[in-house]
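Below is one structure; the comments refer to it alone.
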Amino acid sequence: MPDTDIVIASAARTPVGAFNGGLASLPAHKLGEVAIAEVLRRANVEPKDVTEVILGQILAAGEGMNPARQASIGAGIPVETTAYSVNQVCGSGLRTVALGFQAIRNGDSEIVVAGGQESMSLAPHCIHLRNGVRMGDAQMVDTMIKDGLWDVFNGYHMGNTAENVAQRWQITREQQDEFAARSQTKAEAAQKAGRFNDEIVPVKVTTRRGEAIVDTDEHPKHGTTVDVLSKLRPAFDKNGTVTAGNASGINDGAAAVVLMTAAEAEKRGVKPLARIVAWATAGVDPAIMGTGPIPASRLALKKAGWSAKDLDLVEA
């Protein structure tokens, strides 16, 4: 590949923790810290050689100033290296990779750590008391829902946008449950075969019983079948089709990659995992936000000069 190609030199992630599960005691920046330290080790990069750190994070209420910088410094990267957070909701982590790509391509950075970090378990409940409560009750706001799972344009839950997609494209409850069951079965098989082991960095957690190591994804539910899923009630619309079993999960975790030019990787004796050929973003009606990857993928393929038939593996 050309020396100027921008490559992913290394990648790593924490396990995906269940909501209030094994990683629930760790704030997002601590999870990010673990992922960053590991990708630097894998890429043979000293912390002092990092030019910039960019991390996606949506639920930042109560996390303290600039959680990305907290993770960066916690991972041993010098204070002279800047870091910033990105909030583009579901696309935040991928957006940081695009931003890192641009920074290197433009000559503004040489080695960029990009990724994302999130602790949905620690998203706080908040209340506005600046002016006091003169009379009546005061209401707490769940920032996990308010900042991460609520469509502010239409005033309903993200799950309702999934219902909109199902209705518009006539995706039945049975089809959703079948897809969810296949996904769970694939995850179970991959876990049992150790397919995720190389990409996961174990996380050390302190509990009341002492120190514990979390090294396995907690979200997959082994033994999930269509029959099991079919018994769940709709979660967002009593007459709907989206349930807790076929919808996206609520989780904790972090992931990171190291970006550099192909020439830099060769100099360091690192075999790149991949090169970045093209990327794209596209906006859609918030009411059907889950369809966003469709026009974005088409645009990315167009920029690369490829078609869907040229792809051997699609991850979505």
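The values are calculated or read from the model by the stated rules, or taken from the named source; none is laboratory data. Please read these numbers as outputs of a predicted model, since none were measured by experiment. Cβ: placed from backbone, ideal geometry, glycine included. Neighbour counts: every protein chain shown.
Per the conditions (1) under 18 Å from Ile36 (Cα atoms); (2) outside any strand (DSSP E or B), the sole criterion not satisfied by Ser248 is (1).
Condition check for Ile145 on (1) in contact (Cβ under 8 Å) with a residue 40 or more places away in the chain; (2) in a helix (DSSP H, G or I); (3) farther than 16 Å from Pro234 by Cα: one failure, at (1).
Please specify each residue of the range 190-203 satisfying the condition of being in contact (Cβ under 8 Å) with a residue 12 or more places away in the chain and within 23 Å of Ala37 (Cβ to Cβ). Let's see the steps before the verdict.
Keep residues of the range 190-203 that are in contact (Cβ under 8 Å) with a residue 12 or more places away in the chain, which gives 191, 196, 199-203.
Listed by number, the residues that qualify are Phe196, Glu199, Ile200, Val201, Pro202, Val203.
Considering the conditions (1) at pLDDT 95 or above; (2) out of contact with any helix residue (DSSP H, G or I) (no Cβ under 8 Å at 6 or more places or on another chain); (3) outside any helix (DSSP H, G or I), Phe196 is excluded by exactly one of them, (2). Every test in (1) free of Cβ contacts under 8 Å to residues at least 40 places away in the same chain; (2) in a loop (DSSP other than H, G, I, E, B); (3) touching a strand residue (DSSP E or B) at 6+ places or on another chain (Cβ under 8 Å) is passed by Ile213 save one, and that test is (2). If Ala255 meets every condition in (1) over 23 Å from Ala190 (Cβ atoms); (2) in contact with a Lys or Arg (Cβ under 7 Å, 6 or more places away or on another chain) apart from one, which number is that one? For Ala255, the exception is condition (1). Entry remark, the range 91-131: residues being under 30 Å from Gly249 (Cα atoms) and free of Cβ contacts under 8 Å to residues at least 24 places away in the same chain number 3 in total. Phe153 meets the conditions (1) outside any helix (DSSP H, G or I); (2) of a type outside the set (S, T, N, Q); (3) loosely packed, with under 15 Cβ neighbours inside 10 Å; (4) more than 24 Å from the chain's Cα centre (by Cα) in every case but one. The failed one is (4).
Filtering the range 216-231 down to residues that are in a loop (DSSP other than H, G, I, E, B) and among the charged types (D, E, K, R), which residue is farthest from the chain's Cα centre (by Cα)? First the steps, then the outcome.
As a first pass, look at the range 216-231 and keep what is in a loop (DSSP other than H, G, I, E, B): 216-225, 231.
Imposing the further condition that a residue be among the charged types (D, E, K, R) reduces the set to 217-218, 221, 231.
Values: Asp217: 14, Glu218: 15, Lys221: 19, Lys231: 29 Å.
Here the residue is Lys231.
For the range 232-243, the condition holds for no residue, the condition being that it is surrounded by fewer than 18 Cβ atoms within 10 Å (Cβ to Cβ) and either part of a helix (DSSP H, G or I) or under 19 Å from the mean Cα position of the chain (by Cα) (or both). In summary, Val141 fulfils each of the numbered conditions (1) out of contact with any His (no Cβ under 8 Å at 6 or more places or on another chain); (2) modelled with pLDDT of 95 or more; (3) among the hydrophobic types (A, V, I, L, M, F, W, C) with the single exception of condition (1). Taking the range 267-304 as the range and being among the polar types (S, T, N, Q) and outside any helix (DSSP H, G or I) as the test, only Thr281 passes.
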